1. If you check residue 138 against the conditions, is it within 16 Å of residue 90 (Cβ to Cβ), within 26 Å of the chain's Cα centre (by Cα) and at pLDDT 95 or above?
2. Modelled with pLDDT under 90 and outside any helix (DSSP H, G or I): is that true of residue 81 in this structure?
3. Where residues in region 104-113 are assigned to a helix (DSSP H, G or I) and without any contact (Cβ under 8 Å) to a residue 40 or more places away in the chain, which of them is nearest to residue 160 (Cα to Cα)?
4. Here is a check on your reading of the model: is residue 161 farther than 17 Å from residue 178 by Cα and touching a helix residue (DSSP H, G or I) at 6+ places or on another chain (Cβ under 8 Å)?
5. Which of (1) under 30 Å from residue 82 (Cβ atoms); (2) not in a loop (DSSP other than H, G, I, E, B) does residue 180 not meet, given it meets every other one?
């Protein structure tokens, strides 16, 4: 195996055309002064000479648009989630899905002797309304938790988990089964 690897490396030419082109382009970039970190694309294109020298072994150079990542770099550093944060978020999501399954079951059966207690949904929401509310509730709580400082995150997720757990517990006491469907 070692002999095969060394033999295949020996067959590779010392400098490929792409490597020569990259070197020539780097030399052009340094000579023309367009290597400034914070320069916009438009300014760089306007300052380029009209006749570019073609690097050896390649066709004519084409100008292309590139997008800067400086805006992304200016964002605050990624907030790390500990295992307890992830566990709380997971538990909240599971209990939210159980609550949604119970509510969808009631909506499919026509709300026999029940009514929804959540004022945002109304007394008898449809299955589509329950699905939309569930997706928005999960997205808003998890987004708020991600944006919150790490020391505040467990309190937010714990409060959301407690509200959902109390809701599911009340539904079970009223005779609704525990299932995700």
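The values are calculated or read from the model by the stated rules, or taken from the named source; none is laboratory data. In this text the structure is predicted, and so the values were computed from the model without any measurement. Note that each Cβ is placed from the backbone with ideal geometry, even for glycine, and that neighbours are counted across all protein chains shown.
1. Values: within 16 Å of residue 90 (Cβ to Cβ): yes; within 26 Å of the chain's Cα centre (by Cα): yes; at pLDDT 95 or above: yes.
The answer is yes for residue 138.
2. Yes.
3. Top of the filtered list is 107.
4. Numbers: farther than 17 Å from residue 178 by Cα: no; touching a helix residue (DSSP H, G or I) at 6+ places or on another chain (Cβ under 8 Å): yes.
Considered against the rule, which asks whether it is farther than 17 Å from residue 178 by Cα and touching a helix residue (DSSP H, G or I) at 6+ places or on another chain (Cβ under 8 Å), residue 161 comes out as no.
5. It is condition (2) that residue 180 fails.
A quick yes/no check of all residues on (1) surrounded by 12 or more Cβ atoms within 10 Å (Cβ to Cβ); (2) at positive phi; (3) outside the structural domain of residue 122 (by TED's automatic domain parsing):
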{"position": "132", "(1), (2), (3)": "yes, no, no"}
{"position": "136", "(1), (2), (3)": "no, no, no"}
{"position": "140", "(1), (2), (3)": "no, no, no"}
{"position": "143", "(1), (2), (3)": "no, no, no"}
{"position": "146", "(1), (2), (3)": "yes, no, no"}
{"position": "153", "(1), (2), (3)": "yes, no, no"}
{"position": "178", "(1), (2), (3)": "no, no, yes"}
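Here's the yes/no breakdown for (1) in a helix (DSSP H, G or I); (2) without any contact (Cβ under 8 Å) to a residue 40 or more places away in the chain:
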position: 133; (1), (2): yes, yes
position: 136; (1), (2): yes, yes
position: 140; (1), (2): yes, yes
position: 150; (1), (2): no, no
position: 155; (1), (2): yes, yes
position: 162; (1), (2): yes, yes
position: 168; (1), (2): yes, no
position: 176; (1), (2): no, no
